[in-house]
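The values are calculated or read from the model by the stated rules, or taken from the named source; none is laboratory data. Because the structure is predicted, anything quoted here is derived from the model rather than measured. Cβ atoms come from the backbone with ideal geometry, glycine included; neighbour counts cover every protein chain shown. The area values use the complete protein model at the heavy-atom level, side chains included, leaving out ligands, DNA and RNA. Shrake-Rupley method; radii C 1.70, N 1.55, O 1.52, S 1.80 Å.
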Amino acid sequence: CVSASHARQLRAFLPHPQPVIRHVANPIDPALRPDDTPRDPNMLLFASSPHKGLDEVYRAFSALRARIPALRLAVADPGYLNWNAGPPPPGVLHLGRLTTEALHQRMRRALCLFYPQTRFVETFGLVIAEANALGCPALLHRGLGANDEVASDPGQLIDATDPRQIAGRIARWRLRPPPVAGRAEFRADAVIAAWRDLLSETATQATPDMRRAG
């Protein structure tokens with residue numbers, strides 16, 4: 001699996017007796033680092049397929065913008081799934097499908113990755129890991145899928161059902177964005193090392209018959 005949360009979900013799904021279930025994270029590019037790009041305190045970013053809770057994000061943004069009218073929400077859609085998230089509220093800018101480089105530049109400029117949805121369970125959440133690696137905080141629902149283990153700082157986790165928490169966190173970040181960075185265990189070199197350790201352990205445990213079959 002790609003996270004401890006993902007592994008727990010699989011254990012809960014499979015009947016007994018179960019195979020040994022392990023997890024190794026998805027990798028992020030070691031070159032992803034914060035730079036001196038200035039952040040726009042009024043620009044939020046949603047960078048996922050719309051089926052990942054965009055309708056809920058729209059509602060949260062609309063309530064938030066009623067408190068802070070200057071805010072805008074840029075929506076980057078990878079375009080692999082046609083999904084009706086309903087009409088966008090005022091202040092939404094649709095970017096469509098972006099190149100990886102263009103998306104990363106948006107992450108560098110945005111105040112945060114705006115992801116206060118409570119239904120779609122991320123097995124890992126690569127966009128969260130990449131945003132953090134670029135110094136962009138992510139506003140996430142606490143306890144949902146892999147959010148807690150992928151976010152590089154617990155200050156990014158809130159109860160996304162509470163509009164006051166969303167507004168409070170955004171207001172604080174507009175004054176001073178939190179310093180975030182990528183988790184070392186998600187860097188490609190660390191993930192490769194984890195795979196090597198796992199494969200080496202598997203090879204050591206294999207029986208002679210298994211090794212001949214392989």
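Scanning the stretch 58-71 for residues that are surrounded by 19 or more Cβ atoms within 10 Å (Cβ to Cβ), in contact with a Pro (Cβ under 8 Å, 6 or more places away or on another chain) and touching a residue at least 60 places away in the same chain (Cβ under 8 Å) yields 60, 64. The set of residues in the stretch 1-28 that are in a loop (DSSP other than H, G, I, E, B) and surrounded by fewer than 14 Cβ atoms within 10 Å (Cβ to Cβ) comprises 14, 15, 16, 17, 18, 19, 20, 21, 22.
Answer with yes or no whether residue 74 is in a strand (DSSP E or B), open to solvent by less than 40 Å² (accessible area, probe 1.4 Å) and either without any contact (Cβ under 8 Å) to a residue 60 or more places away in the chain or of a type in the set (Lys, Arg) (or both).
For residue 74, the condition - in a strand (DSSP E or B), open to solvent by less than 40 Å² (accessible area, probe 1.4 Å) and either without any contact (Cβ under 8 Å) to a residue 60 or more places away in the chain or of a type in the set (Lys, Arg) (or both) - is met.
For the stretch 175-208, a residue qualifies if it is within 17 Å of residue 107 (Cβ to Cβ) and in a helix (DSSP H, G or I), and exactly one does: 186. For first residues located in the stretch 43-57 and at negative phi and touching a residue at least 40 places away in the same chain (Cβ under 8 Å), partners that are in a loop (DSSP other than H, G, I, E, B) and polar (S, T, N, Q) and lie 6+ apart or on another chain with Cβ distances below 6 Å form the pairs 56/117; 57/117.
Take the residues of the stretch 29-57 that are assigned to a helix (DSSP H, G or I) and of a type in the set (Asp, Glu): which is least open to solvent (accessible area, probe 1.4 Å)? Outline the logic, then answer.
So in the stretch 29-57, the residues assigned to a helix (DSSP H, G or I) come out as 54-57.
Filter once more, so that each one left must be of a type in the set (Asp, Glu): 55-56.
Numbers: 55: 45, 56: 27 Å².
If we take residues in the stretch 29-57 being assigned to a helix (DSSP H, G or I) and of a type in the set (Asp, Glu), then 56 is least open to solvent (accessible area, probe 1.4 Å).
Scanning the stretch 1-39 for residues that are more than 30 Å from residue 108 (Cα to Cα) and in contact (Cβ under 8 Å) with a residue 40 or more places away in the chain yields a total of 2.
Looking only at the stretch 140-165, residues that are within 19 Å of residue 107 (Cα to Cα) and touching a residue at least 60 places away in the same chain (Cβ under 8 Å) come to 1 in all. Tell me the residue from 143, 135, 125 that is of a type outside the set (S, T, N, Q) and within 12 Å of the chain's Cα centre (by Cα), please. Unique residue meeting the criteria: 125. Checked against (1) out of contact with any strand residue (DSSP E or B) (no Cβ under 7 Å at 6 or more places or on another chain); (2) among the aliphatic types (A, V, I, L, M); (3) part of a loop (DSSP other than H, G, I, E, B); (4) at pLDDT 95 or above, residue 60 passes all but a single condition, namely (3).
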